[in-house]
Amino acid sequence: MKILVTGTAGFIGYHLATKLLELGHEVIGLDNINDYYDVNLKYARLEKLGISRDEIEKSNSKLKIHNSTFSPLHKFYKVDLEDAEAINHIFKVEQFDAVVNLAAQAGVRYSIENPHAYMNSNIIGFINILEACRNYNVKNLSYASSSSVYGLNKSQPFKVEDKTDTPVSLYAATKKSNELMAHTYSHLYGIKTTGLRFFTVYGPWGRPDMAPMLFTDAILNDRAIKVFNHGNMSRDFTYVDDIIDGIIKVIKSQLNNSKLNIQNSKLFNIYNIGNNAPVSLMDFIQTIEIAIGKVATKNFLPMQDGDVESTYADVSGLINDFGYKPDTELKDGIEEFVKWYKEFYGEK
């Protein structure tokens with residue numbers, strides 16, 4: 001099967017593309033490689049996928065096809081999602097069997113500083129993906145939503161049936177908008193859409209603006225870590241391999257459905273994808289300290305704007321429909337992350 005994965009220079013997109021290639025699928029990667037965080041990390045992920053940084057930086061064409069030296073089944077386009085002309089061209093040329101949209105402007109707190117980046121990438125970019133699916137007969141679309149859509153909800157664990165109309169960041173509002181847009185296209189055009197609400201993903205090749213990287217980097221370099229809400233927080237930390245396993249199960253189901261009468265299956269679906277076991281922030285920090293062998297200096301601070309105290313995923317939908325089973329222990333996942341960090345950035 002030929003699958004478009006947007007955001008392959010990103011954390012989850014890189015891991016998904018790698019796994020799909022291992023399974024023998026043809027993967028077309030797409031990313032704009034923006035500088036929201038260190039582009040060297042993004043290019044390093046692409047290099048692992050066999051995509052040359054030198055070739056990308058030398059190219060003058062946004063529609064240049066970059067072939068992988070890692071796998072003949074992989075190629076890459078450096079394109080912005082908001083470039084409708086380029087997106088339509090790629091869909092027309094490639095004729096995808098399925099699309100996984102993971103590209104987006106990430107970060108809850110950055111959305112307060114730069115709201116227009118979120119509207120361009122997460123709203124305009126997503127409508128371009130939906131329109132391309134409609135125009136080029138792609139009947140299977142999976143896309144990244146977020147646990148942040150639950151906003152001020154107090155009842156936990158978060159269930160997909162819960163109301164999600166109280167976002168506390170523009171990032172969350174754009175992700176909720178994506179779900180509403182997907183529902184419209186499922187209803188009007190018969191596109192099977194599956195939104196996945198990710199819960200605090202961590203692991204090797206993770207984002208440098210997320211807690212695992214921030215904490216690990218600070219501890220190894222003898223800097224104090226920032227502990228918000230005075231440590232009274234918890235997150236449903238989910239190891240990236242468990243996330244990828246869940247996405248793969250969804251994609252396989254979609255591809256099987258594409259061989260059937262699409263009207264025989266539910267077209268619009270939303271799932272939580274997390275660990276189903278929240279961990280307190282202080283326990284999370286202690287796990288990193290043990291993996292590193294060093295105690296952190298902690299700077300306790302009040303809650304940040306746009307943040308929430310706790311996230312906890314009810315993943316019964318994925319369990320019941322796909323046999324999803326997150327089984328990576330926090331200790332094991334953190335050890336793998338710290339090992340990767342030391343190898344990538346150099347032993348401290």
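The values are calculated or read from the model by the stated rules, or taken from the named source; none is laboratory data. No experiment lies behind these values; they were computed from the predicted model shown. Note that we place each Cβ from the backbone using ideal geometry, even for glycine, and neighbour counts take in every protein chain shown. When the accessible area is computed, the model is the full protein with side chains, heavy atoms only, and any ligands, DNA or RNA have been set aside. Shrake-Rupley method; radii C 1.70, N 1.55, O 1.52, S 1.80 Å.
Loop-only check: which trypsin sites (Lys or Arg not before Pro) in the range 63-102 are DSSP coil with at most 14 other Cβ within 10 angstrom? Show your work: numbers first, answer last.
Numbers: sites: Lys64, Lys75, Lys78, Lys92; in loops: Lys64.
Sites meeting the loop and neighbour criteria: Lys64.
If you keep only loop residues by DSSP, which trypsin sites (Lys or Arg not before Pro) in the range 136-165 have at most 13 other Cβ atoms within 10 Å of their Cβ?
Sites meeting the loop and neighbour criteria: Lys154, Lys163.
Can you give the accessible area per residue of the range 176-222, in Å², using a 1.4 Å probe?
Computed with neighbouring chains in place, this is 33 Å² per residue.
Grab the Cα-Cα distance for Leu188 and Glu329, subtract it from 0.36 nm times how many residues apart they are, and report the gain in nm with one decimal. Mind showing how you got there, number by number?
Values: separation 141, 0.36 × 141 = 50.76 nm, distance 4.22 nm.
In short, 46.5 nm is gained.
Could you work out [θ]222 nm for the chain from helices alone, using -39500 (n - 2.57) per DSSP H run of at least four and dividing by all its residues? Round to the nearest 500 deg cm²/dmol. Please report the intermediate quantities before stating the final value.
On the way: 13 runs with 141 residues, N = 348.
Here the helix-only value at 222 nm equals -12000 deg cm²/dmol.
Could you give me the ³J(HN,Hα) list for the range 161-177, computed from phi with Karplus coefficients 6.51, -1.76, 1.60 and θ = phi - 60°, whole Hz, x at Gly and Pro?
After applying 6.51 cos²θ - 1.76 cosθ + 1.60, I find 7, 5, 5, 10, 10, 10, x, 10, 8, 5, 3, 4, 5, 5, 5, 4, 4 Hz.
At a probe radius of 1.4 Å, what is the per-residue accessible area of Leu180, in Å² to the nearest 10?
Leu180 has an accessible surface of roughly 100 Å² with all protein chains in place.
Of His15, Asn34, Ala44, which is farthest towards the positive pole of the range 12-58's charge dipole, taken about the Cα centre with +1 and -1 on the beta-carbons of Lys, Arg and Asp, Glu respectively?
The residue sitting most towards the positive pole is His15.
Counting only protein heavy atoms and using a 1.4 Å probe, what share of the accessible area of the range 129-233 belongs to carbon plus sulfur, as a whole percent? List each step's numbers first, then the result.
Details: 2140 of 4060 Å².
Answer for the range 129-233 is 53 percent, counting heavy atoms of protein chains only.
Taking K and R as +1 and D and E as -1, what net charge do the other residues with C-beta under 12 Å from the C-beta of Asp38 add up to?
Around Asp38, the surrounding residues sum to 0.
For the range 301-347, state which GluC sites (Glu not before Pro) are in a DSSP loop and have at most 15 other beta carbons lying within 10 Å of their beta carbon.
Sparse-neighbourhood loop GluC sites (Glu not before Pro): Glu309, Glu329, Glu347.
Out of Pro302, Ser253, Asn101, whose Cα points farthest toward the positive end of the dipole of the chain (charges: +1 Lys, Arg; -1 Asp, Glu; placed on Cβ)?
Of Pro302, Ser253, Asn101, it is Ser253.
Can you list the aspartates and glutamates whose alpha carbon is less than 16 Å from that of Lys19, not counting same-chain residues fewer than 8 positions off?
Glu47, Asp241, Asp242, Asp245
Per residue of the range 2-7, in order, report the coupling 6.51 cos²θ - 1.76 cosθ + 1.60 (Karplus, θ = phi - 60°) as ³J(HN,Hα) in whole Hz, putting x for Gly and Pro.
Working through the residues one at a time gives 9, 10, 8, 10, 7, x Hz.
Using modelled amide H (1.01 Å from N, peptide plane; none on Pro or chain starts), what sits under 5 Å from the amide H of Val279, excluding residues fewer than 5 places away?
Arg235, Asp236, Phe237
On the accessible surface of the range 43-119, probed at 1.4 Å, how many percent belong to carbon and sulfur atoms? It would help to have the intermediate numbers written out before the result.
Details: 1820 of 3900 Å².
Looking at the range 43-119 in its full context, I get 47 percent from C and S.
Quick one: compute a quarter of the convex hull surface over the Cα atoms of the range 175-261 and quote it in nm².
Details: hull surface 32.0 nm².
The directionally averaged projection comes out at 8.0 nm².
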